[in-house]
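Below is one structure, written out as structure tokens, with a few remarks after it.
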Amino acid sequence: MGFFSFLFGTGTSSTAKLDLSEHQVSKQEIERLVSRMKIKSLDAGEEKLIERIIEKRRLGDGKISLRHIDEALRKLEFQKKISQYDRKGVMKVFTEYFQDKFE
């Protein structure tokens with residue numbers, strides 16, 4: 001693993017293991033999932049930032065994969081806009097949602 005792979009969380013990290021299957025997730029569902037009630041480490045600003053980034057990352061048809069969500073969150077973490085705990089909390093909520101709804 002090269003320096004930039006380590007630095008940006010690419011390569012053989014857990015991101016590479018995440019599902020690339022894209023599923024329809026509405027804006028309202030994103031707002032429900034990215035909630036301070038579900039993820040205690042988030043503050044109001046982080047909550048809105050994460051919602052906005054995930055909404056932007058969805059494709060034109062409103063579909064997104066767990067890998068796309070994780071990549072967007074890792075970028076925010078690298079930019080020091082959210083913490084590792086925030087990223088892990090959001091990923092846990094979305095992973096459980098995808099497992100319950102789409103499998």
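Quick notes on this one:
- If R0 is taken as 22 Å, the Cβ-Cβ distance between K92 and R52 corresponds to a FRET efficiency of 0.65.
- Segments 41-51, 65-75, 19-29 sorted - mean Cβ within 10 Å per residue, highest first: 65-75, 41-51, 19-29
Read the figures in this text as sums done on the coordinates, not as results from a lab. Small disclaimer: the values here were computed from a predicted structure and weren't measured. Neighbour counts run over all protein chains shown; Cβ positions are idealised from the backbone, glycine included.
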